[in-house]
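Undergrad: Below you will find the structure I want to go over with you.
The values are calculated or read from the model by the stated rules, or taken from the named source; none is laboratory data. Computed from a prediction, not measured in an experiment: that's the story for all the values here. Each accessible area value is taken on the protein alone, full model and side chains, heavy atoms only, with ligands, DNA and RNA left out. Shrake-Rupley method; radii C 1.70, N 1.55, O 1.52, S 1.80 Å.
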Amino acid sequence: PQNVLVSYTGEVKLIDFGIAKAATRTNKTQVGVLKGKFGYMSPEQVRGLPLDRRSDIFALGTLFHEMLTCRRLFHGESDFATLEKVRKADVPPPSKLNPNVPPEIDRIVSRSLQADVDDRYQWCSELADELDNFLAKLRPPYTERTLTNWMQRTFDEELEKERQKRQIFAQFQTPEDVLAHNEQQRQELAAKMGLAEDYDGSDQD
């Protein structure tokens with residue numbers, strides 16, 4: 001989940017691809033060693049079978065399930081226990097944990113999380129089309145603008161702080177301006193913490 005970001009403007013972004021690519025250049029994966037976060041693997045990945053796009057669909061289904069239920073889907077007391085849960089892929093419908101989830105979403109999530117790759121969506125576009133069809137039936141319809149408005153209402157205070165920071169940073173012309181700003185911030189923090197104004201930053205008992 002921490003690799004999926006939603007911006008204040010409602011844009012959804014995936015991160016860490018560059019890190020993963022750099023890691024594969026400098027490290028060779030040992031035979032029999034699993035790479036990745038265990039709770040977001042697919043059953044075929046746990047079994048050491050060949051992987052394709054359908055493994056990503058399973059991982060996406062895992063995230064979708066967790067978003068709907070606000071709890072981890074595959075989580076055991078140990079890594080082995082977690083992997084065993086993934087391997088079995090015995091997944092309850094989201095509505096069992098969240099009665100607000102409609103049957104159509106139950107069906108979409110369930111198909112995404114089938115243990116057999118042939119029973120899943122074969123392409124992400126198929127999954128996207130079914131979600132689009134569901135959203136189109138909502139009244140009022142849920143669009144990208146809906147998400148944008150929700151993010152901006154929910155994080156209004158954070159957005160205002162970001163705007164204030166940008167106004168301050170726009171005034172910086174030299175490295176000295178940055179240093180002076182940092183010093184001012186340090187003094188304000190020291191004052192809030194009740195430290196002496198002449199504190200020089202050195203360690204004292």
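Undergrad: Tell me, what HN-Hα J-couplings in whole Hz come from the Karplus equation 6.51 cos²θ - 1.76 cosθ + 1.60 at θ = phi - 60° for each residue of the stretch 163-172, using x for Gly and Pro?
TA: Those phi angles translate into 5, 5, 5, 5, 5, 5, 5, 5, 8, 5 Hz.
Undergrad: Which of the pairs LYS161/LYS192; LYS37/LYS88; LYS85/LYS137 have their Cα atoms more than 28 Å apart in this structure? The partial results should precede the final answer.
TA: Numbers: LYS161/LYS192 19 Å; LYS37/LYS88 17 Å; LYS85/LYS137 34 Å.
The answer is LYS85/LYS137.
Undergrad: Right, next: Please report, as a whole percent, how much of the solvent-accessible surface of the chain comes from carbon and sulfur atoms (probe radius 1.4 Å). Let's see the in-between values first.
TA: Details: 8190 of 15210 Å².
The value for the chain is 54 percent carbon and sulfur by accessible area.
Undergrad: Rolling a 1.4 angstrom probe over the protein heavy atoms, how many square angstrom per residue are accessible across the chain? Could the numbers behind the result be given before it?
TA: Numbers: 15210 Å² over 205 residues.
Spelled out: the 1.4 Å probe surface of the chain, per residue, equals 74 Å².
Undergrad: Right, another one. Using only the alpha-carbon atoms, what does the chain span along each of its principal axes? Please give whole angstrom values in decreasing order.
TA: 68, 51, 32
Undergrad: Here's another thing I want to ask about it. Please list, in order along the stretch 108-115, the HN-Hα scalar couplings obtained from phi with the Karplus expression 6.51 cos²θ - 1.76 cosθ + 1.60 (θ = phi - 60°), rounded to whole Hz, x for Gly and Pro.
TA: Rounded to whole hertz, the list is 5, 5, 4, 5, 5, 10, 6, 5.
Undergrad: Now, a different point. Taking Cα pairs under 8 Å and at least six residues apart, what relative contact order does the chain come out at, in percent? Show your work: numbers first, answer last.
TA: Values: 162 pairs, mean separation 39.1, N = 205.
Computed value for the chain: 19 percent relative contact order.
Undergrad: Give the cross-link partners of LYS13 among the aspartates and glutamates, using a straight C-alpha distance below 17 Å as the criterion and excluding same-chain residues fewer than 8 apart.
TA: ASP56, GLU144
Undergrad: What's the angle, to the nearest 10 degrees (0 to 90), between helix 175-192's Cα axis and the longest principal axis of the chain?
TA: Helix 175-192 and the main axis of the chain meet at about 90 degrees.
Undergrad: Let me ask something else. Decide, for the stretch 123-162, between rounded, prolate and oblate: order the square roots of the alpha carbon gyration tensor eigenvalues as a ≥ b ≥ c, take rounded if a/c falls under 1.5, and otherwise choose prolate if a/b is larger than b/c, else oblate.
TA: It is oblate, given that a/c is not under 1.5 and a/b is not larger than b/c.
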